[in-house]
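Here the structure comes first, spelled out in structure tokens, and everything after it is commentary.
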Amino acid sequence: MEVVGLSLAVLGGAELCLKYGRIMIDKYTVYCEAEKSLGDVILRLQLQWSTIECQLEQLNSKGDSMTEELQSRFSALFQHLRGLLHKATMLVDSAVGEKQSESTRIILDKVLRKKGKIHKFRLAHSLQRPMEKLLEDLERWQSRIQPAWFLLALIPNSLVDQQLTTERRPSTSEFSKLHDLSDAINRRTSARTHGTILPPDSIVSRPKNEDRPILYCPAKIMQESGTDDLVLVESFYPLQNLDLDVMTKHVNDFACRLSAVDPKIFGIPTCHGIIEVYHPSSKRIKHFQIVFSIPGHLQVCTPHTLRELLIDAPSYPLEERFRLATQLARSVVFVHATKFVHKNIRPETILVFQSETENTEAKIGKPFLMGFDNFRPADGKTFRVGDLDWKKNLYRHPTRQGIHLEQAYTMQHDIYSLGVCLLEIGLWDSFMLPDPDKMGDDYDNFKLSPNLKISQYLRETGRKRKAQKIKGELLNMAKNQLPSKTGSRYAGIVVLCMSCLDDEDNNFGQMRDLLDENGILVGVKYIEKVLDVMEKLCV
């Protein structure tokens, strides 16, 4: 479809959804007045629709400013939403007994006169579950639109920027979050003006009797000065050959962007601020401490790394592992939406919280992506400097292993790392284990798991040959061992992630075909090829 046709499809799709949604809410609202027992679910429905309505209005007014790929994505989502809204309207029409014209409200007296109290009660009872299902479907649709919605922040002079200068800013939280992220990405705010540069004494260590290190994770739990609030702190050390002013700017930009994220949506903790740590004998910055907030309901929980769970925890039900994997997959696209690449996705940088007070079925807990001690702006300069740590290399693409790296880092390299993590989650088996012959539970004391048959490859001296053979073994596990444990669709996602940079047999798309100025192409492709499939597994 041509760009003009796509733009019209987006505009028309949004307008139809707005029309059908308002008709639906109008009818349900009046029916609620006739039957009070449905008041709670209809109120929730109204709140859910108000958020969707605001997003539709923004997309409808500025749809022509989007890239072709985003237009196509939103057009497909609108088509799905229209189906849900039409079904919902038909449901209430059947309850009344006749189909009302689209411009006519349901007449209360007519409902009461035709149905009577007993029949009306039975109708309300029969509608309760379908309406709950409708609410679940709309919430799921809202979740599906979020990744593409936040990719809008990557577009310079996008609908966010234009909307703020031409119209009153909407008050909904979804638009506010997108606006704040766009502000940070497009440098309309800085770390110093935003208040994310923290004084050195803003955090303190926890009392020794309360301190518990996070196993296998470089992040520490500390306490915000003057409060009881706990925070997560990571240290970031600039490379010696990097211009310190440039690195300081990158860290400041990073803090601003992650201060705008919603941890519930992004699966990334909000950045509370950064602390510049100086050399004692000079005014030169030694390193940065990046301070992340812990959501209030998780303050009482102890975070565990995914590595710790893979080693010590019993295997969780498949649906819980699917939810965990899906949230991690969502976090990757949201990192991309902040215009950064992570470069360090592995079980040690994934923290899992489980709230004992939160009403949730997921015993495995809520995952958050951490480990931002090696990040880089997606459009920033890369020095292609690596290391020889085999434990980290397990999660790196072969072109990103060794001291001198072959390729500049892209989102596809993060997707590859995610694929290896998804393989471990699917098998529920850690690829490395604590070495009993070494003291302590430190990450450096790991040894290779006997279930990962790569010891002979680790002894090889040729870097390229070694890396390709290890990748081949991981792919063989995904193709041959994983389907019997997770099903073929999940296994297919793992293979897709780990093959996304291959020249042949690549169902994701060639890197040269996914290059654009703002990273929209690869983001949309990832949503369609990975996220959509993952989220269907969780239904």
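The values are calculated or read from the model by the stated rules, or taken from the named source; none is laboratory data. Fair warning: this is a prediction, and the values are worked out from it, not measured in the lab. Cβ placement follows ideal geometry from the backbone for every residue including glycine, while neighbour counts extend to all protein chains displayed. When the accessible area is computed, the model is the full protein with side chains, heavy atoms only, and any ligands, DNA or RNA have been set aside. Shrake-Rupley method; radii C 1.70, N 1.55, O 1.52, S 1.80 Å.
Numbers below:
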{"quantity": "Failed criterion for D516 (all others in (1) in a helix (DSSP H, G or I); (2) over 25 Å from Q327 (Cβ atoms); (3) not aliphatic (A, V, I, L, M) hold)", "calculated": "(1)"}
{"quantity": "Candidate set: the stretch 229-250, residues that are outside any strand (DSSP E or B) and in contact (Cβ under 8 Å) with a residue 60 or more places away in the chain; chosen: the one most open to solvent (accessible area, probe 1.4 Å)", "calculated": "Y237"}
{"quantity": "Positions within the stretch 1-34 being at pLDDT below 60 and either surrounded by 18 or more Cβ atoms within 10 Å (Cβ to Cβ) or over 33 Å from the mean Cα position of the chain (by Cα) (or both), in sequence order", "calculated": "L6, S7, A9, A34"}
{"quantity": "Residue identified as open to solvent by 80 Å² or more (accessible area, probe 1.4 Å), among the charged types (D, E, K, R) and touching a residue at least 60 places away in the same chain (Cβ under 8 Å) among K471, K464", "calculated": "K464"}
{"quantity": "Enumerated helices (runs of 4 or more DSSP H) restricted to the stretch 387-493, each holding at least 3 residues that are of a type in the set (S, T, N, Q)", "calculated": "463-480"}
{"quantity": "Candidate set: the stretch 255-284, residues that are farther than 15 Å from A219 by Cβ and part of a helix (DSSP H, G or I); chosen: the one nearest to the chain's Cα centre (by Cα)", "calculated": "F266"}
{"quantity": "Given (1) farther than 21 Å from N186 by Cα; (2) open to solvent by 30 Å² or more (accessible area, probe 1.4 Å); (3) not in a helix (DSSP H, G or I), number of the condition H297 does not satisfy", "calculated": "(3)"}
{"quantity": "Pairs with Cβ under 7 Å, 6+ apart, first in the stretch 49-61 and more than 17 Å from L84 (Cα to Cα), second open to solvent by 10 Å² or more (accessible area, probe 1.4 Å) and of a type in the set (D, E)", "calculated": "C54/E174; N60/E15"}
{"quantity": "So S182, is it under 27 Å from the mean Cα position of the chain (by Cα), modelled with pLDDT under 80 and either within 20 Å of M66 (Cβ to Cβ) or open to solvent by 50 Å² or more (accessible area, probe 1.4 Å) (or both)", "calculated": "no"}
{"quantity": "Candidates V300, V333, filtered to the one that is over 25 Å from Y526 (Cβ atoms) and not basic (K, R)", "calculated": "V300"}
{"quantity": "Criterion violated by D505 - all others in (1) in contact with a Ser or Thr (Cβ under 7 Å, 6 or more places away or on another chain); (2) surrounded by fewer than 15 Cβ atoms within 10 Å (Cβ to Cβ); (3) under 17 Å from M411 (Cβ atoms) satisfied", "calculated": "(3)"}
{"quantity": "Residue within the stretch 104-115 that is modelled with pLDDT under 60, assigned to a loop (DSSP other than H, G, I, E, B) and open to solvent by less than 60 Å² (accessible area, probe 1.4 Å) present", "calculated": "yes"}
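One line per residue, one yes/no per condition, for (1) open to solvent by less than 20 Å² (accessible area, probe 1.4 Å); (2) within 27 Å of I425 (Cβ to Cβ):
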| site | (1), (2) |
| --- | --- |
| P263 | no, yes |
| I275 | yes, no |
| S282 | no, no |
| H304 | no, yes |
| D312 | no, yes |
| E319 | no, yes |
| R323 | no, yes |
| T326 | yes, yes |
| V335 | yes, yes |
